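Only one structure is covered here, and it is reproduced in the block below.
None of the figures in this text is laboratory data; all of them are computed from the coordinates on show. These numbers were taken from a predicted model, which means no experiment stands behind them. Every residue, glycine among them, receives a Cβ derived from its backbone with ideal geometry; neighbour counts consider all protein chains shown.
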Amino acid sequence: MQVKLKIFRYNPEKDKKPHYETYKVEAEPTDRVLDLLEYVKGYIDGTLSFRRSCAHGVCGSDAMRINGVNYLACKVLVKDIKSSKITIEPMLGLSVIKDLIVDMEPFFDHFRSMMPYLVNDETPPGTERLQSPEERERFDDTTKCILCAACTTSCPSYWANDKYVGPAAIVNAHRFIFDSRDRAAAERLNILNDQFGVYRCHTIFNCTIACPREIQVTTAIGEIKKAIATGSLD
Amino acid sequence: MGLNRRVRFFAGLRYRGGGPMWAWMLHRVTGVALILFVGTHVFASFFMQQTGNDFATTINIIYESWIFQVIVAFIVIFHGLNGMRIAILDIWPRFQMFQREALWLQWFIFIPVYGLTVVILIQHGLTGGY
C-alpha cells in the first residue's frame, strides 16, 4: 500500500517558520511509523531529523504526535492508523529544536525536582531491604515509566504553563512515595502540594490515553492528591 | 534556538484526546457561560426591581424566554453532571480504571434528564409562558 506521510519540518538554520512536507512511501500494513521515517531519512531526504534509539518501545526516544495524538513511532503499526494519510508532528509544549526533535530539558528538570531516587538514611540491613509482594504491588504500575514525555506533552495544563511539573514527574514521584523502603514521601508530597504540583491536574485523562506503557497516570496523580488531602499513604 | 514552546489555541484543539478531553473543554466553556449568564441575570433582576431600567428588563425577558432556558438548562445540567463525575473520580482514584464507562454513564444520565427538561420548557413556552 502507498502511504502519504505529511511531516512537520523546521530547520532553525534555514527556516523562519515551520512547514510541512509530504512524502509518498510504499509500506506494508505491519510496518511501524518509525520504519517509514527511517525510509524517508535513508532514501528520500537525509535532512529529516528525529530521535530513535532502541526502536522497541523501551527507551522512549521516539515519542511524537501521529495523526494528532502522542505515540511512540516504534509502537504504532501502519494498519492501526486506519488511514493512508499520516501526519507526524513534534510533541506539543516543548520547544522544537529541529523537525521532530524537541528540547527535553524542561521535562527532565521537572523529573529531577521529584527526587527520583530512593532516600533512606537508616543503617542498611545485612541483606537487601526486603519488601512484601503487596508492598511492591503498591507502586508497580508507576515503575513502568520510560520518560518518553508522551503524557506530559499531551496535558492541556502543561501546554498552558510549563511551570506545572507534569504527569511524568508525578508518576515518578508516586513510584517512590508509595515505596515502603523510601523515607522521603513527606518531602515529595510537600513539593507536589503546590499550585504547580498535583492541583494543576484537571483529570482530563489525555496522559493516561497517551501513555505507551499503559500506566494509569491519572490514577497515580489521584492517589497523590488523596495522600496530600488525607495525610495518609494507605 | 528552536521554536517557542507556546501551544497555540488551535494547535491544542487539534490534539485528539477524545471524549474526556472534549468533556473537559465543554466543562470549561459551560463554567464561563454559567458565570456570565447567571451573573447577568442576577444583576439585571436587581436593576429591574430597584430602578425599573428598560435594558435590565429586556435582558431578563431574553434570559427567561424558553429558547434561552433550553440553552441554560444544557449548561447547568452538563456542568453539574461532569463536575460530579470528576469529583467522584478525584475522591476515589481507584474508580478511574472505569473512566470511560463513567463518561458513558454521564451521558446516559444527561440525555433523559436534559431531554425531559427541554420537553417541559417547550411545553411551557408553547402554552403561554415566555
TODO: For segment A:140-154, take each phi angle, set θ = phi - 60°, evaluate the Karplus expression 6.51 cos²θ - 1.76 cosθ + 1.60, and give the result in whole Hz per residue in order, putting x for glycine and proline.
DONE: 4, 4, 7, 6, 7, 4, 10, 6, 7, 6, 4, 6, 4, 7, 9
Open item on the list: Once the convex hull of the alpha carbons of segment A:2-102 is built, what does its volume come to per residue, in cubic angstrom?
Closed with: 94
Task: Computed magnitude of the charge dipole of the protein assembly as shown (debye, nearest 20; Cβ of K, R +1, Cβ of D, E -1) - done: 900
Open item on the list: I'd like the mean, over residues of A:87-99, of how many other protein chain beta carbons sit within 10 Å of each residue's own Cβ.
Closed with: 3
Open item on the list: Report the rotationally averaged projected area of segment A:59-121 based on its alpha-carbon convex hull, in square nanometres.
Closed with: 5.8
Open item on the list: Check chain A for me: any Cys whose beta-carbon has no other cysteine beta-carbon within less than 4.7 Å?
Closed with: A:Cys74, A:Cys145, A:Cys148, A:Cys155, A:Cys201, A:Cys211
Open item on the list: Using only the alpha-carbon atoms, what does segment B:18-126 span along each of its principal axes? Please give whole angstrom values in decreasing order.
Closed with: 54, 28, 21
Open item on the list: Eigenvalues of the Cα gyration tensor times 5, then square-rooted: what semi-axes does that give for segment A:105-230, in whole angstrom, largest first?
Closed with: 25, 15, 13
- [ ] Using only the Cα atoms, work out Rg/Rh for the protein assembly as shown, with Rh taken as the Kirkwood radius, to two decimals.
- [x] 1.06
Open item on the list: Please identify the DSSP H helices in chain B that span no less than 18 Å along the helix axis (Cα) and have a mean Kyte-Doolittle hydropathy of -1.0 or more.
Closed with: B:19-51, B:66-91, B:99-126
- [ ] Of the options A:Thr153, A:Cys211, A:Ala184, report the single residue whose Cα projects farthest towards the positive end of the charge dipole of segment A:134-218 (beta-carbon charges: Lys, Arg +1; Asp, Glu -1).
- [x] A:Thr153
Task: Which listed pairs, of A:Lys14/A:Lys41; A:Lys85/A:Lys163; A:Lys82/A:Lys225; A:Lys14/A:Lys82; A:Lys75/A:Lys225; A:Lys144/A:Lys225, have C-alpha distances above 26 Å, in listed order - done: A:Lys85/A:Lys163; A:Lys82/A:Lys225; A:Lys14/A:Lys82; A:Lys75/A:Lys225
Open item on the list: If you take every DSSP beta bridge fully contained in chain A, what fraction is antiparallel? Give it as a percent rounded to 5.
Closed with: 80
- [ ] Specify the residue with the greatest mean-square fluctuation among A:Leu130, A:Leu92, A:Leu48, computed from a Gaussian network of chain A linking alpha-carbon atoms under 10 Å apart.
- [x] A:Leu130
